[in-house]
1. Can you give me the accessible area per residue for the range 33-141, using a 1.4 Å probe, in Å²?
2. Mean shadow of the range 33-141, computed from the convex hull of its alpha carbons, in nm²?
3. For residue 113 and residue 168, FRET efficiency with R0 = 35 Å and r from the beta-carbon atoms, rounded to 0.05?
4. Nothing charged except the Cβ atoms of Lys and Arg (+1) and of Asp and Glu (-1): what's the magnitude of the dipole of the range 142-184 about its Cα centre? Round to the nearest 20 debye.
5. Tell me the carbon and sulfur percent of the accessible area for the range 142-184, rounded to whole percent, probe radius 1.4 Å.
Amino acid sequence: MRPLPSGRRKTRGISLGLFALCLTAARCLQSQGVSLYIPQATINATVEEDILLSVEYSCHGVPTIEWMYSSNWGTQKIVEWKPGTQANISQSHKDRVCTFDNGSIQLFSVGVRDSGYYVITVTERLGSSQLGTIVLHVSEILYEDLHFVAVFLAFLVAVAAVLISLMWVCNKCAYKFQRKRRHKLKESTTEETELQDVEC
């Protein structure tokens with residue numbers, strides 16, 4: 001094989017050097033890509049509470065942010081948007097979701113069916129992406145049981161009040177009846193004694 005002329009070697013060396021430099025820069029950018037921080041990976045909440053699913057990301061450029069929801073009832077997309085633009089909120093979560101430019105979302109008035117896994121995907125325009133998951137557990141407040149107990153106790157108090165009132169009325173009636181009976185007995189005994197006096 002013949003050696004290349006020295007001018008061609010320099011050009012080829014510069015081209016390879018530039019290519020290697022570009023490849024290294026691309027790898028550095030790709031390795032720096034997207035970073036995602038989730039301060040609270042598990043959230044416990046009660047019914048009708050407003051919940052903030054808080055995240056922070058850093059990347060080059062404006063990313064696409066997507067939130068998905070997964071539970072026993074299935075998987076569905078909640079929202080997708082680019083910071084600074086209108087969010088594309090799914091029909092199931094209309095009027096229940098508020099988005100923030102840092103990637104966080106707020107869910108309004110959560111219910112038990114909102115329990116599950118919330119997966120965020122932050123995708124950079126170059127294609128690199130990062131996933132994060134937040135687990136949400138929503139529990140019911142036991143107001144319904146307490147409400148039932150309170151209603152039942154109120155019912156018992158009302159029944160007791162009615163029974164006490166009936167006993168009071170019966171006692172008054174019995175007292176009046178006994179008074180009349182005594183009065184009649186007194187009258188009959190006085191009549192008898194008068195009759196006996198008259199006979200004597």
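The values are calculated or read from the model by the stated rules, or taken from the named source; none is laboratory data. Only a predicted model underlies this, so the values are computations on that prediction, with no experimental measurement involved. Neighbour counts are summed over all protein chains in view; Cβ atoms, including those assigned to glycine, are modelled from backbone coordinates with ideal geometry. Areas reflect the complete protein model, heavy atoms only, side chains present, ligands, DNA and RNA absent. Shrake-Rupley method; radii C 1.70, N 1.55, O 1.52, S 1.80 Å.
1. With the other protein chains kept in place, the range 33-141 gives 53 Å² per residue.
2. Values: hull surface 25.4 nm².
Seen from a random direction, the Cα hull of the range 33-141 projects 6.4 nm² on average.
3. Details: r = 52 Å, r/R0 = 1.50.
Once the sixth-power term is evaluated, E becomes 0.10.
4. On the way: 7 positive and 2 negative charges, 219 e Å.
Its charge dipole is roughly 1040 debye.
5. 74 percent
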